[in-house]
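Participant: Structure provided below as C-alpha coordinates; questions to follow.
The values are calculated or read from the model by the stated rules, or taken from the named source; none is laboratory data. Values in this document were obtained by computation on a predicted structure and should not be read as measured data. Because the Cβ atoms are built from the backbone with ideal geometry, glycine has one as well, and the counts that use them run over all protein chains shown. These accessible areas exclude ligands, DNA and RNA; they are computed on the full protein's heavy atoms, side chains included. Shrake-Rupley method; radii C 1.70, N 1.55, O 1.52, S 1.80 Å.
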Amino acid sequence: MIVPSVLTRYTPTAPRWVQQWLGHSVAVKSLDQEIDALDFVGQVSYGDRFTHATVRVPHADVLPDLELEHATSAAYLMIRRALEDGDAQHPVRFWNFIPGIVDAAAADGLDRYMVFNAGRFAEFSDWFSAADRERLAPHIATATGVGHMGSDLVVHCLADRLPGRPIENPRQRAAYRYSETYGPLPPCFARATLVADDARADRRRVLVGGTSSILGEDSVHVGNLAEQTRETLDNIEALLKEAGADGLEALHDVRVYHVQDHHGPAILELVEQRLPHLVGRVEMVHAPLCRPDLGVEIEGMADAE
Ligand code: 3EB
(Lines give C-alpha, C1' and ligand atoms only; values in the text may rest on other atoms or scores of the structure.)
Protein backbone atom coordinates (compact mmCIF):
# COMPACT_ATOMS: atom_id res chain seq x y z
CA MET A 1 0.00 0.00 0.00
CA ILE A 2 1.27 3.46 -0.89
CA VAL A 3 0.74 6.01 1.84
CA PRO A 4 0.58 9.56 0.48
CA SER A 5 3.26 11.67 2.11
CA VAL A 6 0.72 14.33 3.02
CA LEU A 7 -0.80 11.95 5.56
CA THR A 8 2.48 11.40 7.32
CA ARG A 9 3.64 14.98 7.28
CA TYR A 10 3.87 16.47 10.71
CA THR A 11 1.66 19.55 11.11
CA PRO A 12 2.71 22.12 13.70
CA THR A 13 -0.47 23.20 15.40
CA ALA A 14 -1.63 25.85 17.83
CA PRO A 15 -2.50 24.48 21.28
CA ARG A 16 -5.99 23.09 21.83
CA TRP A 17 -7.22 26.02 23.92
CA VAL A 18 -7.17 28.23 20.79
CA GLN A 19 -10.00 26.18 19.29
CA GLN A 20 -11.94 26.48 22.55
CA TRP A 21 -11.49 30.25 22.59
CA LEU A 22 -12.99 30.49 19.11
CA GLY A 23 -16.28 29.04 20.36
CA HIS A 24 -18.96 27.29 18.35
CA SER A 25 -20.15 29.75 15.74
CA VAL A 26 -17.02 29.78 13.63
CA ALA A 27 -16.88 30.90 9.99
CA VAL A 28 -13.96 29.36 8.11
CA LYS A 29 -12.40 30.81 4.95
CA SER A 30 -9.51 29.65 2.78
CA LEU A 31 -6.59 32.02 2.31
CA ASP A 32 -4.84 29.99 -0.40
CA GLN A 33 -2.98 32.36 -2.67
CA GLU A 34 -0.10 32.46 -5.13
CA ILE A 35 2.39 35.24 -4.49
CA ASP A 36 5.60 35.62 -6.54
CA ALA A 37 5.23 32.07 -7.91
CA LEU A 38 4.93 30.61 -4.39
CA ASP A 39 1.75 28.79 -3.33
CA PHE A 40 0.75 29.99 0.12
CA VAL A 41 -1.76 27.82 1.95
CA GLY A 42 -3.92 29.45 4.56
CA GLN A 43 -7.08 29.34 6.55
CA VAL A 44 -8.84 31.80 8.82
CA SER A 45 -11.50 31.01 11.43
CA TYR A 46 -13.67 33.84 12.68
CA GLY A 47 -15.12 33.08 16.11
CA ASP A 48 -17.45 35.03 18.40
CA ARG A 49 -14.67 37.12 19.88
CA PHE A 50 -11.38 35.82 18.48
CA THR A 51 -9.96 35.12 15.02
CA HIS A 52 -7.42 32.37 14.33
CA ALA A 53 -5.45 32.68 11.09
CA THR A 54 -2.88 30.16 9.83
CA VAL A 55 -0.56 30.57 6.86
CA ARG A 56 1.81 27.94 5.51
CA VAL A 57 4.64 28.46 3.03
CA PRO A 58 5.31 25.04 1.49
CA HIS A 59 8.97 23.98 1.31
CA ALA A 60 10.25 27.18 2.87
CA ASP A 61 13.32 25.23 3.98
CA VAL A 62 14.73 25.22 0.44
CA LEU A 63 14.03 28.87 -0.38
CA PRO A 64 17.10 31.09 -0.73
CA ASP A 65 17.51 33.52 2.19
CA LEU A 66 16.04 36.57 0.50
CA GLU A 67 13.03 34.58 -0.66
CA LEU A 68 12.47 33.19 2.83
CA GLU A 69 12.62 36.74 4.17
CA HIS A 70 10.07 37.96 1.62
CA ALA A 71 7.84 34.91 2.07
CA THR A 72 7.82 35.55 5.83
CA SER A 73 6.70 39.15 5.25
CA ALA A 74 4.08 37.93 2.76
CA ALA A 75 2.75 35.35 5.23
CA TYR A 76 2.37 38.05 7.89
CA LEU A 77 0.68 40.35 5.38
CA MET A 78 -1.80 37.59 4.51
CA ILE A 79 -2.63 37.24 8.20
CA ARG A 80 -3.05 41.00 8.52
CA ARG A 81 -5.46 41.12 5.56
CA ALA A 82 -7.43 38.14 6.87
CA LEU A 83 -7.87 39.89 10.24
CA GLU A 84 -9.07 43.05 8.47
CA ASP A 85 -11.99 41.04 7.08
CA GLY A 86 -13.24 40.27 10.59
CA ASP A 87 -13.94 42.06 13.86
CA ALA A 88 -10.89 40.80 15.77
CA GLN A 89 -8.11 42.80 14.16
CA HIS A 90 -5.56 42.93 16.98
CA PRO A 91 -3.05 40.08 17.14
CA VAL A 92 -2.49 38.92 20.72
CA ARG A 93 -0.54 35.67 20.16
CA PHE A 94 1.61 34.17 17.38
CA TRP A 95 3.18 30.75 16.91
CA ASN A 96 5.98 30.52 14.36
CA PHE A 97 7.23 27.11 13.18
CA ILE A 98 10.37 27.69 11.16
CA PRO A 99 11.88 24.79 9.18
CA GLY A 100 15.65 24.38 9.46
CA ILE A 101 15.56 27.11 12.11
CA VAL A 102 19.21 27.00 13.14
CA ASP A 103 20.65 26.10 9.74
CA ALA A 104 23.32 28.50 8.51
CA ALA A 105 22.19 31.25 6.13
CA ALA A 106 24.33 32.20 3.12
CA ALA A 107 25.62 35.35 4.84
CA ASP A 108 28.45 34.80 7.28
CA GLY A 109 27.38 34.24 10.87
CA LEU A 110 23.66 34.39 10.15
CA ASP A 111 21.13 31.61 10.48
CA ARG A 112 17.66 31.02 9.03
CA TYR A 113 15.90 32.22 12.18
CA MET A 114 17.60 35.61 11.68
CA VAL A 115 16.39 35.63 8.07
CA PHE A 116 12.86 34.93 9.31
CA ASN A 117 13.23 37.75 11.87
CA ALA A 118 14.12 40.24 9.14
CA GLY A 119 10.95 39.33 7.23
CA ARG A 120 8.76 39.54 10.32
CA PHE A 121 10.30 42.87 11.34
CA ALA A 122 9.67 44.36 7.88
CA GLU A 123 5.98 43.44 7.86
CA PHE A 124 5.42 44.55 11.48
CA SER A 125 7.02 47.94 10.68
CA ASP A 126 4.58 48.35 7.82
CA TRP A 127 1.58 46.95 9.70
CA PHE A 128 2.00 49.25 12.69
CA SER A 129 3.55 52.20 10.78
CA ALA A 130 6.57 52.05 13.06
CA ALA A 131 9.87 53.25 11.67
CA ASP A 132 11.94 51.74 14.49
CA ARG A 133 11.81 49.03 17.11
CA GLU A 134 10.85 51.30 20.02
CA ARG A 135 7.77 52.48 18.15
CA LEU A 136 6.82 48.88 17.41
CA ALA A 137 6.92 47.89 21.07
CA PRO A 138 3.37 48.82 22.13
CA HIS A 139 1.89 46.86 19.22
CA ILE A 140 3.71 43.56 19.36
CA ALA A 141 2.05 40.42 20.62
CA THR A 142 3.61 37.57 22.50
CA ALA A 143 4.81 34.62 20.44
CA THR A 144 6.51 31.30 20.17
CA GLY A 145 9.32 30.83 17.65
CA VAL A 146 10.55 27.28 17.27
CA GLY A 147 11.58 24.82 14.59
CA HIS A 148 9.83 21.67 13.48
CA MET A 149 10.59 18.49 11.58
CA GLY A 150 8.73 19.43 8.38
CA SER A 151 9.82 21.70 5.55
CA ASP A 152 7.06 24.37 5.59
CA LEU A 153 7.03 27.70 7.37
CA VAL A 154 3.85 27.77 9.47
CA VAL A 155 2.54 30.88 11.23
CA HIS A 156 -0.52 30.90 13.50
CA CYS A 157 -2.10 34.09 14.80
CA LEU A 158 -4.76 34.58 17.46
CA ALA A 159 -6.40 38.00 17.29
CA ASP A 160 -8.83 39.79 19.61
CA ARG A 161 -11.35 42.63 19.18
CA LEU A 162 -9.41 44.88 21.53
CA PRO A 163 -5.61 45.26 21.63
CA GLY A 164 -3.83 43.22 24.30
CA ARG A 165 -1.25 44.75 26.59
CA PRO A 166 2.36 43.62 26.10
CA ILE A 167 4.25 42.60 29.25
CA GLU A 168 8.03 42.40 29.50
CA ASN A 169 10.13 40.28 31.83
CA PRO A 170 12.28 42.15 34.39
CA ARG A 171 14.90 39.34 34.17
CA GLN A 172 15.20 39.54 30.38
CA ARG A 173 16.05 42.16 27.81
CA ALA A 174 13.06 42.88 25.58
CA ALA A 175 13.47 40.73 22.47
CA TYR A 176 12.93 43.72 20.18
CA ARG A 177 16.00 45.28 21.88
CA TYR A 178 18.31 42.27 21.40
CA SER A 179 21.81 43.20 20.26
CA GLU A 180 23.13 42.30 16.82
CA THR A 181 24.60 39.12 18.30
CA TYR A 182 21.14 37.68 17.66
CA GLY A 183 20.77 39.06 14.15
CA PRO A 184 20.71 42.32 12.20
CA LEU A 185 17.00 42.79 12.94
CA PRO A 186 15.49 41.70 16.24
CA PRO A 187 12.78 39.14 16.90
CA CYS A 188 9.54 41.05 17.46
CA PHE A 189 7.51 39.58 20.28
CA ALA A 190 6.45 40.54 23.78
CA ARG A 191 7.19 38.15 26.65
CA ALA A 192 3.45 38.01 27.44
CA THR A 193 0.18 39.62 26.39
CA LEU A 194 -2.68 40.54 28.74
CA VAL A 195 -6.20 40.13 27.36
CA ALA A 196 -9.66 40.53 28.88
CA ASP A 197 -11.34 37.53 30.50
CA ASP A 198 -14.76 36.92 28.95
CA ALA A 199 -16.21 35.29 32.03
CA ARG A 200 -15.17 37.89 34.61
CA ALA A 201 -14.75 41.62 34.01
CA ASP A 202 -12.36 41.94 36.98
CA ARG A 203 -9.97 39.28 35.69
CA ARG A 204 -7.60 39.06 32.78
CA ARG A 205 -5.79 36.32 30.93
CA VAL A 206 -2.01 36.30 30.57
CA LEU A 207 -0.79 34.69 27.37
CA VAL A 208 2.76 33.57 28.12
CA GLY A 209 4.99 33.32 25.06
CA GLY A 210 7.76 30.81 24.51
CA THR A 211 10.15 31.24 27.43
CA SER A 212 13.66 29.87 27.69
CA SER A 213 16.73 29.85 29.90
CA ILE A 214 17.74 33.38 28.91
CA LEU A 215 18.88 36.09 31.35
CA GLY A 216 19.29 39.54 29.86
CA GLU A 217 19.77 38.36 26.31
CA ASP A 218 22.16 35.49 26.95
CA SER A 219 21.45 31.78 27.07
CA VAL A 220 22.41 30.44 30.49
CA HIS A 221 23.10 26.91 31.81
CA VAL A 222 24.16 25.76 28.36
CA GLY A 223 24.46 21.96 28.40
CA ASN A 224 22.51 21.59 31.66
CA LEU A 225 18.88 20.81 30.93
CA ALA A 226 17.78 20.60 34.56
CA GLU A 227 19.11 24.09 35.27
CA GLN A 228 17.65 25.40 31.99
CA THR A 229 14.24 24.07 32.98
CA ARG A 230 14.49 25.66 36.45
CA GLU A 231 15.63 29.02 35.02
CA THR A 232 12.84 28.94 32.43
CA LEU A 233 10.23 28.41 35.13
CA ASP A 234 11.85 31.16 37.26
CA ASN A 235 11.52 33.42 34.21
CA ILE A 236 7.84 32.55 33.83
CA GLU A 237 7.26 33.12 37.55
CA ALA A 238 8.79 36.62 37.35
CA LEU A 239 6.82 37.38 34.19
CA LEU A 240 3.54 36.31 35.79
CA LYS A 241 4.19 38.56 38.80
CA GLU A 242 4.89 41.43 36.41
CA ALA A 243 1.55 40.70 34.73
CA GLY A 244 -0.36 40.74 38.03
CA ALA A 245 -0.78 36.97 38.38
CA ASP A 246 0.01 35.23 41.67
CA GLY A 247 2.79 33.02 40.37
CA LEU A 248 3.30 29.59 38.90
CA GLU A 249 0.15 28.22 40.59
CA ALA A 250 -1.86 30.50 38.25
CA LEU A 251 -0.30 28.88 35.17
CA HIS A 252 -2.22 26.41 32.99
CA ASP A 253 -2.38 25.13 29.41
CA VAL A 254 1.35 24.57 29.45
CA ARG A 255 3.25 23.35 26.41
CA VAL A 256 6.92 22.34 26.61
CA TYR A 257 9.15 22.28 23.50
CA HIS A 258 12.23 20.12 23.89
CA VAL A 259 15.04 19.53 21.41
CA GLN A 260 16.06 15.94 22.22
CA ASP A 261 13.23 13.45 22.13
CA HIS A 262 14.82 11.22 24.77
CA HIS A 263 15.10 14.12 27.23
CA GLY A 264 11.32 14.61 27.22
CA PRO A 265 10.47 12.43 30.25
CA ALA A 266 13.17 13.96 32.49
CA ILE A 267 12.13 17.51 31.56
CA LEU A 268 8.46 16.66 32.12
CA GLU A 269 9.26 15.36 35.60
CA LEU A 270 11.04 18.62 36.51
CA VAL A 271 8.18 20.71 35.09
CA GLU A 272 5.58 18.69 37.01
CA GLN A 273 7.56 19.09 40.25
CA ARG A 274 7.23 22.87 39.93
CA LEU A 275 3.64 22.70 38.62
CA PRO A 276 2.00 19.98 40.74
CA HIS A 277 -1.47 21.28 39.82
CA LEU A 278 -0.77 20.36 36.17
CA VAL A 279 0.46 16.78 36.55
CA GLY A 280 -0.72 14.77 33.56
CA ARG A 281 -1.85 17.87 31.69
CA VAL A 282 1.39 19.26 30.26
CA GLU A 283 1.73 19.03 26.47
CA MET A 284 5.18 17.92 25.29
CA VAL A 285 6.33 18.88 21.77
CA HIS A 286 9.59 17.63 20.26
CA ALA A 287 11.08 20.53 18.27
CA PRO A 288 14.36 22.28 17.54
CA LEU A 289 14.63 25.75 19.12
CA CYS A 290 15.83 29.11 17.78
CA ARG A 291 19.25 28.93 19.45
CA PRO A 292 21.38 25.82 19.21
CA ASP A 293 22.45 26.26 22.86
CA LEU A 294 18.90 25.99 24.24
CA GLY A 295 17.25 22.64 25.00
CA VAL A 296 13.85 23.64 26.40
CA GLU A 297 11.19 26.32 25.87
CA ILE A 298 7.92 26.62 27.80
CA GLU A 299 4.69 28.54 27.06
CA GLY A 300 1.28 28.72 28.69
CA MET A 301 -1.47 30.87 30.07
CA ALA A 302 -2.52 32.26 33.45
CA ASP A 303 -5.28 34.20 35.15
CA ALA A 304 -4.51 37.63 36.61
CA GLU A 305 -6.31 40.29 38.60
C1 3EB B 1 13.93 33.99 23.29
O2 3EB B 1 13.50 34.33 24.40
C3 3EB B 1 13.71 32.55 22.95
O4 3EB B 1 10.91 34.55 17.62
O5 3EB B 1 8.78 34.53 18.04
C6 3EB B 1 10.76 32.81 22.27
C7 3EB B 1 9.50 33.28 21.94
C8 3EB B 1 11.77 32.84 21.33
C9 3EB B 1 9.23 33.76 20.66
C10 3EB B 1 9.96 34.31 18.37
C11 3EB B 1 11.49 33.31 20.05
C12 3EB B 1 10.23 33.78 19.72
O13 3EB B 1 14.54 34.75 22.53
C14 3EB B 1 13.13 32.33 21.63
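Participant: So which DSSP H runs in the chain come out at 24 Å plus along the axis (Cα) with average Kyte-Doolittle of at least -1.0? If you can, show how the numbers build up before the last one.
Facilitator: Working: long enough: 65-84 (29 Å, -0.01); 225-242 (25 Å, -0.61).
Correct list, ordered by number: 65-84, 225-242.
Participant: So, for the range 144-201, what is the accessible surface per residue at a probe of 1.4 Å, expressed in square angstrom? Before the final figure, lay out the partial values.
Facilitator: Working: 2220 Å² over 58 residues.
I get 38 Å² per residue for the range 144-201.
Participant: Roll a 1.4 Å probe over the protein chains and send me the accessible area per residue for the range 30-86 in Å². Don't skip to the end; give the middle numbers.
Facilitator: Working: 2570 Å² over 57 residues.
Per-residue value: 45 Å².
Participant: Moving on to the next point. Distance between the C-alpha centers of the range 105-141 and the range 224-303? Whole Å please.
Facilitator: What the calculation gives is 26 Å, centre to centre.
Participant: Order 208-220, 160-172 from most to least packed using the mean count of other Cβ atoms within 10 Å.
Facilitator: On the way: 208-220: 20.2, 160-172: 18.3.
Descending mean neighbour count gives 208-220, 160-172.
Participant: Can I ask one more? Could you sort the peptides 223-232, 104-113 by per-residue average Cβ neighbour count (10 Å cutoff), highest mean leading? The partial results should precede the final answer.
Facilitator: Values: 223-232: 18.3, 104-113: 15.5.
Ranking, from highest mean packing down: 223-232, 104-113.
Participant: Right, another one. Which one of HIS252, GLY147, ALA82 has its Cα pushed farthest toward the positive end of the charge dipole of the chain, where Lys and Arg give +1 and Asp and Glu give -1 at the Cβ?
Facilitator: HIS252
Participant: I'd like the carbon and sulfur percentage of the solvent accessible area for the chain, probe radius 1.4 Å, heavy atoms only, ligands and nucleic acids excluded.
Facilitator: On the way: 6910 of 13410 Å².
Whole-percent figure for carbon plus sulfur exposure: 52.
Participant: Can you give the net charge of the other residues whose Cβ lies under 10 Å from the Cβ of VAL220, counting K and R as +1 and D and E as -1? It would help to have the intermediate numbers written out before the result.
Facilitator: Numbers: positive: none; negative: ASP218, GLU227, GLU231, ASP293.
Result for the neighbourhood of VAL220: -4.
Participant: Would you mind working out the accessible area per residue for the range 225-289, using a 1.4 Å probe, and quoting it in Å²?
Facilitator: Working: 2840 Å² over 65 residues.
Here the per-residue accessible area is 44 Å².
Participant: Need one number for the chain: average projected area of the convex hull over its C-alpha atoms, nm².
Facilitator: Numbers: hull surface 65.4 nm².
So the Cα hull casts an average projection of 16.4 nm².
Participant: Would you mind putting 62-68, 76-82 in packing order, based on average other-beta-carbon counts within 10 Å, highest first?
Facilitator: Numbers: 62-68: 16.6, 76-82: 20.9.
The densest-packed peptide leads the list: 76-82, 62-68.
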